[in-house]
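Here the structure is laid out as structure tokens; the discussion comes afterwards.
Every number here is computed from the coordinates shown, using simple stated rules; none is lab data. Bear in mind the structure is a predicted one, so any value in this text is a computation, not a measurement. Virtual Cβ from ideal backbone geometry, glycine too; neighbours counted across all protein chains shown.
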Ligand SMILES: C[S@@+](CC[C@H](N)C(=O)[O-])C[C@H]1O[C@@H](n2cnc3c(N)ncnc32)[C@H](O)[C@@H]1O
């Protein structure tokens, strides 16, 4: 297995990982070459690259984004890192369409799914994930997750619309059967602003 993770502690000062970093740490070590993974929000491609490196060689990554510019960034990042172009399918459509777009044999076979909500860093913030699309997408994604697979969701309650989205994710998570899923929620509790939060959904065998 490739070691794509950085050290657990995110800085020489020893402060705790960010929400995005927690997602990577939770995923690290779960993917093997040949596995299938899904990035529901490709953005600038950091998460897609992380997944592609973790499943190479022989694996497959599906990466969704509604913005063509985001997928162009992702493609450039993958090329710069030398990732085989056939290893990643860049899908210029909303993650809420995943059940229509993914190959049927991916159902129940995807080992890791990442959602990193909010807007594209560096953009004009005009395109942002929306609760009405995010929640159906998460529900569908849980069906495509393999038994024993992990899904992470990073939410941004401080973004416009993000508080509603965060509440929606919490409600969805709280309604899942404990016999089917184990769900954890990692967040900073002693800051007045609304910092990003990480959710982890593990699908029982
Ligand atoms: C925080 S960014 C993702 C960051 C990215 N994972 C990375 O590693 O750089 C959120 C992305 O979600 C995308 N997005 C918004 N609505 C979407 C939808 N319905 N389906 C898929 N992507 C969407 C935005 O275009 C934006 O690029």
Subtracting the Cα-Cα distance of residue 194 and residue 30 from 0.36 nm times their residue separation yields 56.1 nm
Kirkwood Rh in Å, taken over region 61-111 so that all alpha-carbon pairs contribute: 11.8
Could you tell me the center-to-center distance, by alpha carbons, between region 141-205 and region 43-95 in angstrom? 23
Using just the C-alpha positions of region 119-173 as equal point scatterers, what log10 of I(q)/I(0) does the Debye formula give at each q in 0.14 1/Å? -0.41
When averaged across all projection directions, what area in nm² does the alpha-carbon convex hull of region 67-158 cover? 6.9
How many nm is it between the label spots at residue 180 and residue 128, if each spot is 7 Å from the Cα in line with the beta carbon? 3.0
Given the options 122, 43, 108, state which has the largest fluctuation in a GNM of the chain using a 10 Å cut-off (strictly under) for Cα springs. 122
Given the rule -39500 (n - 2.57) for each run of at least 4 DSSP H residues, summed and divided by the residues of the chain, what is its mean residue ellipticity at 222 nm, to the nearest 500 deg cm²/dmol? -9000 deg cm²/dmol
On full extension of the chain, what length is gained from residue 92 through residue 69, given 0.36 nm per residue of separation minus the C-alpha to C-alpha distance? 7.3 nm
Counting only backbone N atoms under 14 Å from a point 7 Å out along Cα-to-Cβ of residue 80, the residues of region 15-56 in range are 44-50
On alpha carbon coordinates alone, what is the Rg over Rh value for the chain, Rh being the Kirkwood radius? 0.93
